[in-house]
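What follows is calculated from the coordinates using simple rules that are stated; it is not laboratory data. These numbers come from a predicted model, not from an experiment. Positions of Cβ are generated from backbone atoms using ideal geometry, with glycine treated the same way; all protein chains shown enter the neighbour counts.
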Amino acid sequence: MSFFDQFPVQAYNHLDLLANQVVEGFIIGLHKSPFHGFSVEFAEHRLYNPGESTKDIDWKVYARTDKLFSKKFEEETNLRCQLVIDASSSMFFPDIKLKSGFTLNKFVFSALGAACLMNVLRRQRDAFGLSVFDEGLRIHTHAKSSTGHYQLLLSHLDG
């Protein structure tokens, strides 16, 4: 029985994580992007400047006002998150023995927190990676959003 069987990460499925800052990415997602382009999320009208492409002109507004306005849309992207955990000897203190037989310390608590964040990010289709270090880098994975990657990272945290 693993630690994650004892404390199921899915119990925290009600949590959502939205970026407070603008993020860049190439997959359409939940977070606002610094780029403006075509999207379902309309941002604003702005005056048309001669020489710009005519494809963004709002012809309905032109018909009502006799002025050329361009439509501006808000592009959305996915968040990429790299979780970093310290695995130095100080993280294995204090050793608190639980009734279930597991030992709780700062590292286990960090691993549980990272697993919860990965679960939230996976449900939102955001990419996540994991880095674990002590004197050197022990584990480093690139950010992905697949279920297989999620399971692999859980096994790294459980081991």
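Summary table
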| read-out | value |
| --- | --- |
| In sequence order, calculated HN-Hα J values of the stretch 45-53 (Karplus, 6.51, -1.76, 1.60; Hz; x Gly/Pro) | 9, 9, 4, 6, 9, x, x, 6, 5 |
| Rounded FRET efficiency, nearest 0.05, which uses the C-beta distance separating R125 from N105 and R0 of 22 Å | 0.10 |
| Fully extended contour minus Cα-Cα distance, from F133 to L98, at 0.36 nm per residue | 10.0 nm |
